[in-house]
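First comes the structure, then the notes that go with it.
The values are calculated or read from the model by the stated rules, or taken from the named source; none is laboratory data. Remember, predicted model here, so these are calculated numbers, not experimental data. Neighbour counts are summed over all protein chains in view; Cβ atoms, including those assigned to glycine, are modelled from backbone coordinates with ideal geometry. With ligands, DNA and RNA removed, areas are computed over all heavy atoms of the protein, side chains included. Shrake-Rupley method; radii C 1.70, N 1.55, O 1.52, S 1.80 Å.
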Amino acid sequence: MADYLIWHNHKVSRKDREKIKNQKGCALWFTGLSGSGKSTIANEVEYRLNKKGYHTYLLDGDNLRYGLNKDLGFSYKDRVENIRRVAEVAKLFVDAGIIVLVAFISPFLKEREKAKKIIGKENFIEIFVDTPLEECMKRDPKGLYKKALNKEITEFTGIDSPYEPPENPDIHIETMGISVEEAVKEILGFLIGRGIII
Ligand code: ADP
């Protein structure tokens, strides 16, 4: 089918879209175990960016599984497709000149590398929300670890499905050592350093 498709170059470019927003599009990719704090931190970062007048959007793992990805489960194959779709959506947001925050466990190194390739490495900021499994199990904000340990759900990351931590994340947040507020500050500082926000 791809043989019959032709990419259209539109009149309005990413640069044009970014110009009227006075910002640069980019993807903040939060990865970490369930309960590590991805959504909490991403939410707060988005709140702060919005207050500063930046156009943002937060793609949340759970929320996307209600719609776009509702046909996908948690098998290896489905997780791979889940991340591929999210990366493609994030790429569109970046092209729209938006700061898109992606909060997905995204447990596999190879898939995050693929996401980076899809989105473009210059647009991709990997944020490792690093919380020990024991602490995530203690927090268990959605009661999922309890269910996984009771075998009510299977292929749960950290229990019976692996998590492959980033080897060289752009930002490494160890949530045991710092508060949500401090984590947000670190991320905003990074964005200022990169010239993404002022
Ligand atoms: P995830 O999106 O990674 O599954 P959530 O953000 O839904 O995780 O849940 C993380 C839980 O941990 C929340 O209840 C949050 O309040 C709590 N928490 C405690 N300390 C921190 C911290 N330093 N950073 C992030 N979350 C924290």
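At-a-glance table
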{"quantity": "Rel. contact order, % - alpha carbon contacts under 8 angstrom, at least six apart, the chain", "calculated": "31"}
{"quantity": "Qualifying lysines (Cα of each under 17 Å from Cα of Lys147; at least 8 residues distant if same chain)", "calculated": "Lys138"}
{"quantity": "Lys, Arg +1 and Asp, Glu -1 on Cβ, resulting dipole of the chain about Cα centre, debye, nearest 20", "calculated": "780"}
{"quantity": "Computed magnitude of the charge dipole of region 1-81 (debye, nearest 20; Cβ of K, R +1, Cβ of D, E -1)", "calculated": "520"}
{"quantity": "Segment Tyr57-Ile198, extension gain: residue separation times 0.36 nm, minus the distance between their alpha carbons", "calculated": "48.9 nm"}
{"quantity": "Thr56 accessible area, 1.4 Å probe, all protein chains in place, Å² to nearest 10", "calculated": "20"}
{"quantity": "Cβ-based charge dipole, region 20-193, positive-most Cα from Gly189, Phe108, Asn123", "calculated": "Asn123"}
{"quantity": "At most 13 other Cβ within 10 Å, DSSP loop - chymotrypsin sites (Phe, Trp or Tyr not before Pro), region 1-92", "calculated": "Trp7"}
{"quantity": "Lysines with Cα under 24 Å of Lys24, excluding same-chain neighbours fewer than 8 positions away", "calculated": "Lys11, Lys15, Lys38, Lys51, Lys52, Lys91, Lys114, Lys116, Lys117, Lys121, Lys185"}
{"quantity": "Lys/Arg +1, Asp/Glu -1 at C-beta; the chain dipole; positive extreme among His55, Gly177, Ala42", "calculated": "His55"}
{"quantity": "Unit charges at the beta carbon, dipole of the chain: most positive-side option, Tyr163, Leu72, Gln23", "calculated": "Gln23"}
{"quantity": "Solvent exposure ordering (accessible area, 1.4 Å, most first) of Lys185, Lys91", "calculated": "Lys185, Lys91"}
{"quantity": "Calculated diffusion of region 1-45, Stokes-Einstein form, Kirkwood radius summed over Cα pairs, 4 °C and 1.567 mPa s, µm²/s", "calculated": "90"}
{"quantity": "Cα-based shape type of the chain, given that a ≥ b ≥ c are square roots of the gyration tensor eigenvalues and the cut on a/c is 1.5", "calculated": "oblate"}
{"quantity": "HN-Hα J in Hz across region 138-153 - Karplus 6.51, -1.76, 1.60, θ = phi - 60°, x for Gly and Pro", "calculated": "5, 5, 5, x, 10, x, 7, 5, 4, 5, 5, 5, 7, 6, 6, 10"}
{"quantity": "Computed FRET value (nearest 0.05) for Tyr47 with Ala2, which takes r as the C-beta separation and R₀ as 30 Å", "calculated": "0.15"}
{"quantity": "Prolate/oblate/rounded label for region 131-171 (Cα gyration tensor, a/c 1.5)", "calculated": "oblate"}
{"quantity": "Estimated distance in nm for a label pair at Arg14 and Phe74, the labels positioned 7 Å out from Cα along Cα-to-Cβ", "calculated": "3.4"}
{"quantity": "Heavy-atom SASA rank of Lys38, Lys15, Lys21 (probe 1.4 Å, accessible area, largest first)", "calculated": "Lys15, Lys21, Lys38"}
{"quantity": "Residues in region 56-82 reached by a label modelled at Asp140 [backbone nitrogen below 16 Å; 7 Å Cα→Cβ]", "calculated": "none"}
{"quantity": "Label point distance in nm, Glu122-Glu182, each placed 7 Å from Cα along Cα→Cβ", "calculated": "3.5"}
{"quantity": "Cα-based shape type of region 10-110, given that a ≥ b ≥ c are square roots of the gyration tensor eigenvalues and the cut on a/c is 1.5", "calculated": "oblate"}
{"quantity": "Which of Lys114, Lys11 is most accessible, then next, and so on - probe 1.4 Å", "calculated": "Lys11, Lys114"}
